[in-house]
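Readers should treat all values here as calculations from the given coordinates under stated rules, not as data from a laboratory. Since we're looking at a predicted model, the values are computed, not measured. As a convention, Cβ positions derive from the backbone with ideal geometry for all residues, glycine included, and neighbour counts pool all protein chains shown.
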Amino acid sequence: MAKKLHSFFGLILALWLVPVSLTGSVLLYKNVLLQWLYPQLQQPLVTDLATWGKVLDALPQTDYHFVRLANEERPWLELSRLDGTLEYWSASGDLLLSRGPYQDFIGWCYEFHLYLFSAELGEQMIGVLGLLALLLIGSGLWHSWPRHWRWKLWRLPMSASAIRWSRQWHFVMGFWTAPLLLLTSLTGTAMVYNLQVQQSLSWLFNDPVVKVPAVVVSSYPVTQSQWALWLPTAQQQLPDGVLRLVSFRKKAEQELSVRAQLREEWHPNGRTLIKVDPASSSVLSVQKATEMGLGKQLSQLIYPLHIAAVGGDPFKILLLLTGVIPLLLWVLGLVFYTERKALDRGKKRFQL
């Protein structure tokens, strides 16, 4: 049964699994590729938040959804407009680049990898396909689990028949890369079902209920801003942290939400939350990610593991190579499948 499941899902899922793995490998180096495609993005890193604040203050505040602040990998401000367009600004206030969703091959890779070119249904489809991919990997390990470890795990025939060498190469490659394939499939699927996974982990580890303090926010027009003051004020609350992302306000009575990354955090966008009163520029609350329940903290490790935000270049290279493995396994599996079918047809003709 496991063998039939593996063969069936392998042939069908390859239509999605191969391109989604290859596009994932591309996205691991998105920022490097962006600077290669658009040399104007090769800017020196400016860390002064007041300088970046002045750039933001000069922009129309109601046109944007959020802004990613500059860091070592992307030394620019990355603003997301309400229509999904991304803008890249320099510290001197120059618009370096404006990118639509399908403007370049990086955008095509992103839209396919995350949404299958369908923002409404694509993400849910990817969740289902991710679960099937886990079944594919599990069924492959189940029906091919070696009985003779020393012989089967290392033997790679070069001169045998196509049906023998394709099967053995497929097994050896799949077996040794299974941990990484499981990691990328598990984390990718868990990201689609992020809320359910987070709730399950919080229940499993009996996380305490987070009590959000009641605060009074003064009214401040959404068309006005004090970014040059807000950002340094938020940074002062976390001397050991770095501000990563800020959402633009939509209502006059809404606080400013700033996400920061502490040294102990893996998440590149940070999960520590600072809330600032826009009128008085005073800090309303600070919720550190390191003080959350264990289940919540574990759920925040899924995304950085999936995009190799931890582990440095060695881990990123491993995930890069992992993105190519499904293509190789599919080719080897296809060779074995076609050769076996041809052999079966030959046996039937001989019997007749």
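A few notes on this one:
- Among the chymotrypsin sites (Phe, Trp or Tyr not before Pro) in the range 70-152, those located in a DSSP loop and surrounded by at most 13 other Cβ atoms within 10 Å of their own Cβ are TYR102, PHE117.
- Sorted by Cβ density within 10 Å, fewest first, the residues THR223, THR184: THR223, THR184
- Between THR338 and PHE105, the FRET efficiency from the beta-carbon distance, with R0 = 41 Å, is close to 0.85.
- Residue exposure proxy: LYS54, LYS211, LYS4, ordered by other Cβ atoms within 10 angstrom of their Cβ from fewest to most, comes out as LYS211, LYS4, LYS54.
- Shape analysis of the range 206-251 places it in the oblate category; the axes a ≥ b ≥ c from the Cα gyration tensor give an a/c of at least 1.5, with a/b not above b/c.
- Among GLN287, GLY241, ALA133 the positive-end extreme of the charge dipole of the chain (Cβ point charges): ALA133
- Scanning the chain for GluC sites (Glu not before Pro) lying in DSSP loops with no more than 14 further Cβ atoms inside 10 Å, the longest uninterrupted stretch between such sites is 121-252.
- Expected 222 nm ellipticity per residue - DSSP helices of 4 or more, -39500 (n - 2.57), all of the chain, to 500: -16500 deg cm²/dmol
- Neighbour-count order for LYS251, LYS316, fewest beta carbons within 10 angstrom listed first: LYS251, LYS316
- Assigned charges on the beta-carbon of Lys, Arg, Asp, Glu; the chain dipole about Cα centre (debye): 2340 debye
- When the charge dipole of the chain is built from unit charges on Cβ atoms (+1 for Lys and Arg, -1 for Asp and Glu) and taken about the Cα centre, the candidate among TRP176, PRO278, MET191 whose Cα reaches farthest toward its positive end is TRP176.
- Cα gyration tensor category, rounded, prolate or oblate, for the range 300-340 with a/c compared to 1.5: prolate
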